[in-house]
Amino acid sequence: MNQQKQEVDPGVAYILWAFGFMGFCGIHRFYTGKITSGLFYLFTLGFFGFGQFVDLFLIPGMTKERNLRLMYEAAIESRNNSPQVTLVQKEIDPMLALLKAAAANNNVLSIGQAMLATELPMEEVDELLKKSLKQGLAHVDNDETTGAVRYYFDV
């Protein structure tokens, strides 16, 4: 069932609104998907005429809201009817993630920042940092103000 939903046209809604002068109030509300208030308008003659008059100004918003709803429903329907495609996430090299994080933090990282950047457990981050030291990508030192261990990268 690949039926495309029709758009709601404000011009048609205004024509249906005009039927309120003949006693058929609220038809425009049925057209814009507001069934409950459409029934209310039908039985109260457009909420005694006041609601019908106010809708003169509300029709553009009602049609826009209905069109957005129809687009959303069509997107959900097409997603549900399409075959499931599994996306293979591209594995990001942890060392590359570490270097990008260092570049974003003025080339200085703590172990905690490295864990956040790579989303790896402490043991793996520790091994990764040791590897970066061996490869000459970084050197370790203490922060001048706090004395905490920091890894300074050459990026």
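Rule-based calculations on the coordinates, nothing more; no lab input. What you are looking at is a predicted structure, and each value in this text was computed from that prediction instead of being measured. Cβ placement follows ideal geometry from the backbone for every residue including glycine, while neighbour counts extend to all protein chains displayed.
Specify which of the listed residues (A97, A101, A75, A148) is surrounded by 10 or more Cβ atoms within 10 Å (Cβ to Cβ) and in contact (Cβ under 8 Å) with a residue 24 or more places away in the chain.
Working: A97 fails: in contact (Cβ under 8 Å) with a residue 24 or more places away in the chain; A101 fails: in contact (Cβ under 8 Å) with a residue 24 or more places away in the chain; A75 fails: in contact (Cβ under 8 Å) with a residue 24 or more places away in the chain.
Criteria check complete, one pass: A148.
Scanning the stretch 12-36 for residues that are small (G, A, S) and farther than 15 Å from E65 by Cα yields A18, G20, G23, G26.
Listed by first and then second residue, the pairs with beta-carbon distance under 6 Å, at least 6 apart or on different chains, first residue in the stretch 5-19 and surrounded by 14 or more Cβ atoms within 10 Å (Cβ to Cβ), second of a type in the set (S, T, N, Q) and assigned to a helix (DSSP H, G or I), are V8/T63; V8/N67; P10/T63; A13/T63.
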